[in-house]
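Undergrad: Sending over a structure as structure tokens; questions will come in a sec.
Bear in mind these aren't lab numbers, they're just calculated from the coordinates by the rules spelled out. These numbers come from a predicted model, not from an experiment. Virtual Cβ from ideal backbone geometry, glycine too; neighbours counted across all protein chains shown.
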Amino acid sequence: MPFYHKLGNIPHKRHIQFRKSDGSLYYEQLFGTIGFDGMSTNSYHEQRPTQVKEIKKQYSVAPKIAKTNNIQSYRLKGFQVKPENDYLESRKTVLINSDCAIILAAPKQSTNDYFYKNTDADELIFIHKGSGKLRTHLGNLDFKYGDYLLVPRGIIYKIDFDSKDNRLFIVESRRPIYTPKRYRNWFGQLLEHSPFCERDIRRPYELETNNESGDFLIKVKKQDDIIEMVYASHPFDVVGYDGYNYPYAFSIHDFEPITGRIHQPPPVHQTFETDAFVVCSFVPRLYDYHPQSIPAPYNHSNIDSDEVLYYVDGDFMSRNDVAAGHISLHPAGIPHGPHPGATERSIGKTKTDELAVMVDTFKPLKVTEEAMKIADDSYHKSWLE
Ligand SMILES: [Fe+2]
């Protein structure tokens, strides 16, 4: 996150001696991104973070592709994804391109016996159902319904759930995920017209420092493989850190909608950006207030974007027969728009309680076999009258 954060104990200058009470040195680690040009964090460890003991299994988790060059609109019934005990095994990639993967997951159990690290991608985890604690080597974050958890690539984490009933919508991004640049000034501060500000962004507040030796399994994701690596020291052994690269949480309920007299375009809902896709939050808001306004969107061709909408809660005004947990995919190359009757239905309405997350990708998405298991194959004909 592009503002400075400090947790725990650190020396008064970087790259100088920082000693434990017994006189030995802490182990400093600069955790950088984009070479040395991106955001970085400087952390201090009880033990060397490099003590690989064993490299065990390596196996592919690359999704199986059902359709590569897709022009069919789909509706995916996300809640039909079956709950599974293990967090990583529960993650089902439904749509993917070379920049990002869209994943649905219903994990029943916390990650008890391993740590996880995604070296390829930032992970944006939207909590549709469930609550708990994200535990990372840079501190912990509590989460609940409506939270986005942003885990930058390389952060070692575990996830603890309060119950077995969890539903997650995850975007893995091979490009760094930032807040929109147009909402930040040249120092990175969020501007007055931004729909959220620094106060809405929750930073890690609790640092676990375990100075333990033993066998610690980290499941490392790299190039669509999981590699099981055993380290000789506990991955959560940081006594302090500072910098800009750390996980954070933002609640969709803290997104302040931007409204107008006539229909506002999707960019007003934008919450995150990369150079390969955007993420938007559709939240409860007042409708357009021109006396002749039409609150429902017009038909539109994002000729060069695939549009993915994940329906979270409330009535989604432009769609018929859409429920919580559904995904609609409207691919690039063809127009899409309100369902028959939705435009007329919207006239005169003053507000909406819809809640949805949208991902617009600039490259086409491939449809996976996991998606086909939960796909409504007639959705693309649902505009016929
Ligand atoms: Fe659209």
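Undergrad: Give the Kirkwood hydrodynamic radius (Å, one decimal) of the chain, defined as one over the mean of 1/r across all pairs of different Cα atoms.
TA: Evaluated on the chain, it is 22.1 Å.
Undergrad: I want to make sure I understand the PRE zone here: with the label point 7 angstrom from the Cα of Asp225 toward its beta carbon, which residues in region 138-180 have backbone N atoms less than 18 Å away?
TA: The answer is 154, whose backbone nitrogens lie closer than 18 Å to the label point.
Undergrad: Among 69-78, 253-262, 142-151, what's the highest-first ranking by average C-beta atoms within 10 angstrom per residue?
TA: The densest-packed peptide leads the list: 142-151, 69-78, 253-262.
Undergrad: Please give the FRET efficiency for Lys349 paired with Ser131, using the beta carbon to beta carbon distance and R0 = 25 Å, rounded to the nearest 0.05.
TA: The formula returns an efficiency of 0.20 here.
Undergrad: Given 5 Å bins starting at zero, what is the percent of C-alpha pairs of region 208-366 in each, up to the one with the largest pair distance?
TA: 2, 7, 12, 16, 15, 12, 8, 8, 7, 6, 4, 3, 1, 0
Undergrad: I would also like to ask the following. I want the local charge near Pro152. Using Cβ-Cβ distances under 10 Å, sum +1 for each Lys or Arg and -1 for each Asp or Glu among the other residues.
TA: -1
Undergrad: Can I ask one more? Calculate the radius of gyration of the Cα atoms of region 1-160 to one decimal place, then report Dmax, the largest Cα-Cα distance, as a whole number, both in Å.
TA: Computed over the Cα atoms of region 1-160, radius of gyration and Dmax are 19.1, 65 Å.
Undergrad: How many angstrom lie between the Cα centre of region 295-363 and the Cα centre of region 202-231?
TA: Region 295-363 and region 202-231 have Cα centres separated by 39 Å.
Undergrad: Next question. With the calculation restricted to Cα positions, what are the radius of gyration and Dmax of region 23-113 in angstrom?
TA: Rg, Dmax (Cα atoms, Å): 19.7, 65.
Undergrad: Another question about this same structure. Return the subset of Lys133/Lys181; Lys56/Lys82; Lys77/Lys164; Lys53/Lys164 for which the Cα-Cα distance in this structure is over 31 Å, preserving the input order.
TA: From Lys133/Lys181; Lys56/Lys82; Lys77/Lys164; Lys53/Lys164, over 31 Å: Lys53/Lys164.
Undergrad: Looking at the square roots a ≥ b ≥ c of the eigenvalues of the Cα gyration tensor of region 314-354, which shape do they give, rounded for a/c under 1.5, prolate if a/b is larger than b/c, or oblate?
TA: Since a/c reaches 1.5 but b/c is at least a/b, the shape of region 314-354 is classed as oblate.
Undergrad: Here's another thing I want to ask about it. Please work out how much length the chain gains when fully extended from Asp162 to Ile55, using 0.36 nm per residue of separation minus the C-alpha to C-alpha distance, in nm with one decimal.
TA: This chain segment gains 35.4 nm when fully extended.
Undergrad: Another one. If you project the alpha carbons of region 92-144 onto the principal axes, what extent comes out on each, in Å, largest first?
TA: Extents along the principal axes: 30, 24, 19 Å.
Undergrad: Using Cα pairs under 8 angstrom and six or more residues apart, how large is the relative contact order of the chain, in percent?
TA: Over the chain, the number comes to 23 percent.
Undergrad: Once you list every other residue whose beta carbon is under 15 Å from the beta carbon of Arg319, what net charge do they have if Lys and Arg are +1 and Asp and Glu are -1?
TA: Result for the local shell: -3.
Undergrad: So, one more: Find the percent of Cα-Cα distances in region 183-292 that exceed 17 Å, and round it to a whole number.
TA: Roughly 72 percent, once rounded to a whole number.
Undergrad: Once you put a point 7 Å from the Cα of Phe187 and another 7 Å from the Cα of Asn320, both along the Cβ direction, what distance in nm separates them?
TA: In this crude spin-label approximation the distance works out to 5.4 nm.
Undergrad: If you don't mind, another one. Rounded, prolate or oblate: which one fits region 4-64, using the alpha carbon gyration tensor with axes a ≥ b ≥ c (rounded when a/c is under 1.5, else prolate when a/b beats b/c, else oblate)?
TA: Oblate shape, in that a/c is at least 1.5 and b/c is the bigger or equal ratio.
Undergrad: Okay, moving on. So what is the 222 nm mean residue ellipticity for the chain from helices alone, if each DSSP H run of at least 4 adds -39500 (n - 2.57) and you divide by all residues, rounding to the nearest 500 deg cm²/dmol?
TA: -500 deg cm²/dmol
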